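Accompanying notes for the structure given below.
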Amino acid sequence: QVQLVESGGGLVQAGGSLRLSCAASGRTFSSYAMGWFRQAPGKEREFVAAISRSGGDTYYADSVKGRFTISRDNAKNTLYLQMNSLRPEETAVYYCAASSYYTGEYYEWSYNYWGQGTQVTVSS
């Protein structure tokens with residue numbers, strides 16, 4: 001089992017940047033693929049980005065490609081999401097998640113463990 005705690009959310013103006021972090025504890029962090037999802041008010045939770053166990057492979061939703069960067073530091077048991085050029089419609093609670101699967105990076109069903117989320121608010 002792994003416990004996940006997100007941080008780094010906050011209020012930012014449109015066009016600004018934020019860096020989210022997700023600290024993991026429990027089982028070996030490097031044994032999990034990791035992902036970021038977000039849920040805006042009144043909407044379903046959606047995939048944002050994912051990264052393989054080694055960090056060698058990354059996956060992004062089309063809407064964030066070129067603006068967001070997912071990374072991980074297995075020595076520090078930490079996952080990151082660098083978000084640039086933020087848009088008001090990206091206001092949401094952002095969740096990190098851990099997956100023991102070797103497929104399904106884009107889908108919630110493949111993630112076994114979830115953090116509590118961190119609020120990101122982008123003002124226009």
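Assigning unit charges at the beta carbon (Lys, Arg +1; Asp, Glu -1) and nothing else, what dipole magnitude in debye, to the nearest 20, does segment 12-124 show about its Cα centre?
In debye, rounded to 20, segment 12-124 gives about 260.
Across bins of 5 angstrom width beginning at 0, how are the C-alpha pair distances of segment 78-124 distributed, in whole percent?
Once binned at 5 Å, the Cα pair distances of segment 78-124 give 5, 18, 23, 21, 18, 11, 4, 1.
Compute a Gaussian network model of the chain, connecting alpha carbons closer than 10 Å, and tell me which residue from TYR60, TYR94, TYR102 fluctuates the most.
TYR102
Evaluate Rg over Rh across the chain, taking Cα atoms for both radii and Kirkwood's formula for Rh.
Here the Rg-to-Rh quotient is 0.94.
If I compute solvent accessible area with a 1.4 Å probe over the protein chains, what percent of it on the chain is carbon and sulfur?
Reported share for carbon and sulfur atoms: 45 percent.
In percent, what relative contact order does the chain have, based on Cα pairs under 8 Å that are 6 or more apart in sequence?
35
Hey, how much of the P(r) for segment 38-107 falls beyond 15 Å, as a percent of Cα pairs?
Result for the distance tail: 55 percent.
Around SER21, under 13 Å between beta carbons, what's the net of Lys plus Arg minus Asp minus Glu among the other residues?
With Lys, Arg at +1 and Asp, Glu at -1, the net is +1.
The values are calculated or read from the model by the stated rules, or taken from the named source; none is laboratory data. On a predicted model such as this, the values are computed, not experimentally measured, just so you know. Note: ideal-geometry Cβ built from the backbone for every residue, glycine included; neighbour counts use all protein chains shown. Areas reflect the complete protein model, heavy atoms only, side chains present, ligands, DNA and RNA absent. Shrake-Rupley method; radii C 1.70, N 1.55, O 1.52, S 1.80 Å.
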